[in-house]
Amino acid sequence: MSEIKAFFLKNFGCEPEQLAFAPGRIEFIGNHTDYNGGLVMGAALAEGITVAVKRREDRSVSLASEGSGSVAISLDDLQPLKGAAFWTNYPIGVTKVLIETGMRMSVGYDMAVTSTLPVGAGMSSSAALELATAYALSALYGFETGKAELARISRKAENEFVGMPCGILDQGVSAFGQPNSLVRIDCTAETFFTHSIPPDTRFWIFNSNVKHALVDSAYKDRYNECRRALAILQKKYPEAGTLTGIKREQLESCKTELGDLLFRRASHIVGENDRVRAVEVALESGDLVAVGQVLNASHESSRLNFQNSIEVLDFLVRAVNKQPDVYGARLTGGGFGGAVMAFTGESFSEEQANEVAQAYQNKFGINATIIQTSASHGAGLLGLDSETVQQAES
Ligand code: GLA
């Protein structure tokens with residue numbers, strides 16, 4: 001019996017009715033552009049979260065996670081929880097938004113959760129949990145909807161129930177991922193496309209295993225700084241609906257009004273949006289060296305302008321870039337800790353990755369976790385017997 005089914009059986013004494021899987025993601029390029037209405041590209045990972053669900057006869061919701069314990073809550077009182085039960089806010093938030101979107105639930109459910117994703121590594125375990133929940137519950141209660149809508153529902157849960165003002169990058173990539181492809185999202189139009197990447201390239205993730213103590217509030221600070229910068233820019237350019245709708249010359253013309261800090265923040269966002277376009281062009285022409293240079297430039301801008309990098313991430317980026325067959329590297333995700341992603345050729349080896357981790361260990365006395373991964377399928381239901389992902393229509 002599979003791990004998820006065995007875990008469900010152990011907790012609830014019966015077999016589940018639906019299984020769903022949603023992957024974590026790499027943010028390839030487009031840092032903090034998503035909630036600024038811009039462009040972003042990411043890849044779905046092979047690693048992710050699996051959930052198993054079954055309807056109950058009463059109105060309870062009972063949640064059990066292999067790593068984080070169990071919680072029961074009533075369907076009639078869906079409230080965010082604090083402390084050790086915080087993880088339940090992702091599935092409960094999705095449940096609430098699904099109901100608000102029109103899903104009818106007369107009875108509650110039992111849910112078991114297993115994961116192959118590190119938590120807090122910048123690989124979006126929270127979005128994977130949201131999306132796996134959205135897939136499993138919509139199938140369980142017969143609520144028919146497409147994957148873009150499931151991604152939106154999951155993001156809404158995170159914004160409104162969990163209270164994180166994230167954009168749609170994590171949920172969009174987890175929903176639309178394809179093998180050997182990057183998902184490209186236009187976050188104003190909310191359109192999702194895939195770009196193929198050469199099969200002889202690899203992603204290597206170095207999890208710094210360091211997390212900023214106030215990572216959520218640092219993210220919200222950046223979100224608010226971007227809003228303040230936009231409000232100042234809109235006084236002169238009222239036609240700009242988002243920060244990524246501002247041109248470089250327009251930004252330069254408001255340098256004094258913005259002041260140093262907001263100018264740097266806006267510079268990162270405007271530059272990052274251009275970098276997504278530059279990566280697209282370079283990928284189209286097969287110029288992987290140019291792709292790598294843009295990835296490195298993105299990290300530099302994070303370090304200097306957005307200030308969402310920290311010393312350990314800068315070190316990992318420099319160390320991996322010293323190795324042969326590395327195109328480029330950058331922090332991936334929100335920043336303030338978490339992971340660095342390196343984009344490499346196929347000859348980049350485990351020995352090289354270990355050398356990077358050893359240098360990191362020597363410098364900081366911390367073990368970096370190394371994950372070699374490739375772009376994989378997006379979220380979907382799993383067959384109860386075969387447990388292969390069944391891709392939904394968009
Ligand atoms: C986190 C958020 C995303 C995105 C990235 C930064 O992963 O969840 O929505 O803003 O940070 O690009």
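In the range 324-343, the residue that is nearest to His268 (Cα to Cα) out of those that are open to solvent by 30 Å² or more (accessible area, probe 1.4 Å) and not charged (D, E, K, R) is Tyr327. The requirement of being within 27 Å of the chain's Cα centre (by Cα) and either within 16 Å of the ligand (Cβ to nearest atom) or aromatic (Phe, Trp, Tyr) (or both) is fulfilled nowhere in the range 55-63; no residue meets it. Would you check if Ser74 is surrounded by fewer than 18 Cβ atoms within 10 Å (Cβ to Cβ) and of a type in the set (S, T, N, Q)? So Ser74 passes the test. When Ile185, Ile205 are checked against the criterion of being in contact (Cβ under 8 Å) with a residue 12 or more places away in the chain, over 17 Å from Leu331 (Cβ atoms) and of a type in the set (A, V, I, L, M), Ile185 stands alone in meeting it. Say whether the condition of being over 28 Å from Ala297 (Cβ atoms), modelled with pLDDT under 95, open to solvent by 80 Å² or more (accessible area, probe 1.4 Å) and in contact with a Lys or Arg (Cβ under 9 Å, 6 or more places away or on another chain) is met by at least one residue in the range 383-394. So far as the range 383-394 goes, yes, one or more of its residues are over 28 Å from Ala297 (Cβ atoms), modelled with pLDDT under 95, open to solvent by 80 Å² or more (accessible area, probe 1.4 Å) and in contact with a Lys or Arg (Cβ under 9 Å, 6 or more places away or on another chain). Look at Gly42 and say whether it is in contact with a strand residue (DSSP E or B) (Cβ under 8 Å, 6 or more places away or on another chain), closer than 28 Å to Gly67 by Cα and within 11 Å of the ligand (Cβ to nearest atom). Spelling it out, Gly42 is indeed in contact with a strand residue (DSSP E or B) (Cβ under 8 Å, 6 or more places away or on another chain), closer than 28 Å to Gly67 by Cα and within 11 Å of the ligand (Cβ to nearest atom). In this structure, Ile366 does not qualify as open to solvent by 20 Å² or more (accessible area, probe 1.4 Å), touching a strand residue (DSSP E or B) at 6+ places or on another chain (Cβ under 9 Å), in a strand (DSSP E or B) and in contact (Cβ under 8 Å) with a residue 40 or more places away in the chain. Just to be sure, is Thr88 more than 16 Å from the ligand (Cβ to nearest atom), closer than 24 Å to Lys211 by Cα and polar (S, T, N, Q)? When the stated conditions are applied, Thr88 passes them.
The single condition among (1) open to solvent by less than 70 Å² (accessible area, probe 1.4 Å); (2) within 14 Å of Leu243 (Cβ to Cβ); (3) not aromatic (Phe, Trp, Tyr) that Arg264 does not meet is (1). Taken together, Thr95, Thr50, Thr114 contain a single residue that is within 17 Å of Thr133 (Cβ to Cβ), at pLDDT 95 or above and not in a strand (DSSP E or B), which is Thr95.
Gly328 fulfils the conditions (1) farther than 30 Å from Glu17 by Cβ; (2) more than 16 Å from the ligand (Cβ to nearest atom); (3) outside any strand (DSSP E or B) except for a single criterion, (3).
Taking the range 175-191 only, how many residues are open to solvent by 30 Å² or more (accessible area, probe 1.4 Å) and either within 15 Å of the ligand (Cβ to nearest atom) or on the phi > 0 side of the Ramachandran plot (or both)? Qualifying residue count for the region: 5. The single condition from (1) within 22 Å of the chain's Cα centre (by Cα); (2) crowded, with 23+ Cβ neighbours inside 10 Å; (3) not hydroxyl-bearing (Ser, Thr, Tyr) that Val312 fails is (2).
Reported count of residues in the range 102-139, each being within 12 Å of the ligand (Cβ to nearest atom) and aromatic (Phe, Trp, Tyr), is 0. Return the residues of the range 211-252 that are among the β-branched types (Val, Ile, Thr) and crowded, with 20+ Cβ neighbours inside 10 Å; say none if nothing qualifies. The answer is Thr244, Ile246.
Pick from Gly146, Gly142, Gly163, Gly172: which is within 14 Å of the ligand (Cβ to nearest atom) and open to solvent by 10 Å² or more (accessible area, probe 1.4 Å)?
Of Gly146, Gly142, Gly163, Gly172, the one residue that is within 14 Å of the ligand (Cβ to nearest atom) and open to solvent by 10 Å² or more (accessible area, probe 1.4 Å) is Gly163.
The single condition from (1) open to solvent by less than 10 Å² (accessible area, probe 1.4 Å); (2) within 20 Å of Gln18 (Cα to Cα) that Asp110 fails is (1). Is it the case, given these coordinates, that Glu346 is among the charged types (D, E, K, R), in contact with a strand residue (DSSP E or B) (Cβ under 9 Å, 6 or more places away or on another chain), open to solvent by 10 Å² or more (accessible area, probe 1.4 Å) and free of Cβ contacts under 8 Å to residues at least 12 places away in the same chain? No; evaluated as a whole, the condition is false for this residue. Scan the range 348-363 for residues that are in contact with a helix residue (DSSP H, G or I) (Cβ under 7 Å, 6 or more places away or on another chain) and not aliphatic (A, V, I, L, M) and jot them down. Tyr360, Lys363 - these are the residues of the range 348-363 that are in contact with a helix residue (DSSP H, G or I) (Cβ under 7 Å, 6 or more places away or on another chain) and not aliphatic (A, V, I, L, M). Inside the range 11-65, residues that are open to solvent by less than 20 Å² (accessible area, probe 1.4 Å) and among the aromatic types (Phe, Trp, Tyr) make up a count of 1.
The values are calculated or read from the model by the stated rules, or taken from the named source; none is laboratory data. Computed from a predicted model, the values in this text were never measured in an experiment. Every residue, glycine as well, gets a Cβ built from its backbone with ideal geometry; the counts of neighbours run over all protein chains shown. SASA here: full protein model, heavy atoms, side chains in, ligands and nucleic acids out. Shrake-Rupley method; radii C 1.70, N 1.55, O 1.52, S 1.80 Å.
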